[in-house]
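Novice: So that we are looking at the same thing, I have put the structure below in structure tokens.
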Amino acid sequence: MSALTKRQEQIVTFIADHMETYDRPPTGTEIADHFGWSSHATAYEQLRWIEKKGYLVRERSGARGPLHLSLTDKARHLVDDAWMVLGRIPAGPLSDVAGEHLDTVAGLEDLVPVSLKPGDYFLRVDGDSMVDAGLAEGALVVVRSTQEATSGDICAVWVDGDGGTLKTVRFEDNTVHLVPQNSAYMPTQYPAERVRIQGVVVAVLDMRRV
């Protein structure tokens, strides 16, 4: 019983981030507040299981002293190898794209057919307009952060005034064409000054098969 649940992975990541920011581990109350739990007892129960799985060491100074948390090498490896999932991106009509760090994934390097680089991140596909390119709804795409692309690239793009989407881009003079890979959808075009390339898709993972 060594695998962490998704919530336990989030707790380990929170502890690591807190230690990096404040140079000390969080208290049980701080963990409970961060995850919206009404009682710190829930946090301590989760910490007990995380310790049992080998990702954490809990030490108390004296019978009534404060509880000190330290992450094991196993936890450090998990945190260091985690990649950000920044949110969901519509493969369909334009809409707002979550731009905050929503989650992390780890241990997927062997499933990604490219070498991941610093700055790469994952987005989860929402919609079916790119299904013929292998980007099914729910898939994770690996996005390489860049503001430059060439015609034919599948990109995460932001259109000022309309929002974001995942489409094949084609450039023509001062116009950017956003081309779906599904015959049920029509291409759209925008003046180049309204379109911002946020990244190029370099790989896709169908999480239904993982």
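Novice: Under the Karplus relation 6.51 cos²θ - 1.76 cosθ + 1.60, θ = phi - 60°, what is the ordered set of whole-Hz ³J(HN,Hα) values for the range 128-133, x standing for Gly and Pro?
Specialist: 10, 6, 10, 5, 6, 9
Novice: Which peptide among 49-55, 197-203 comes first, and what is the full order, when sorted by highest mean count of other Cβ atoms within 10 Å?
Specialist: Descending mean neighbour count gives 197-203, 49-55.
Novice: Further question on the same structure: By counting other Cβ atoms within 10 Å of each Cβ, how are 19, 186, 130 ranked from fewest to most?
Specialist: Fewest to most other Cβ atoms nearby, the residues stand as 186, 19, 130.
Novice: The range 6-79: D in µm²/s via Stokes-Einstein (Kirkwood Rh, Cα pairs, 37 °C, 0.692 mPa s)?
Specialist: It diffuses with D of about 266 µm²/s by this estimate.
Novice: Let me ask another. For residue 130, enumerate residues with amide H under 5 Å from its amide H, sequence gap 5+ or separate chain, H modeled in the peptide plane.
Specialist: 181
Novice: May I pose another question? Hey, fewest Cβ within 10 Å first, where do 167, 117 land in order?
Specialist: Least to most surrounded, the residues fall as 117, 167.
Novice: In the structure shown, do any of 6/117; 6/74; 53/74; 52/117 have a Cα-Cα gap over 21 Å, and if so which?
Specialist: Correct reply: 6/117; 52/117.
Read-outs: derived from the displayed coordinates by stated rules, not from any lab. Here the structure is a predicted model, which means the values were calculated and not measured. Counting neighbours? That spans all protein chains shown, and the Cβs are built from the backbone with ideal geometry, glycine included.
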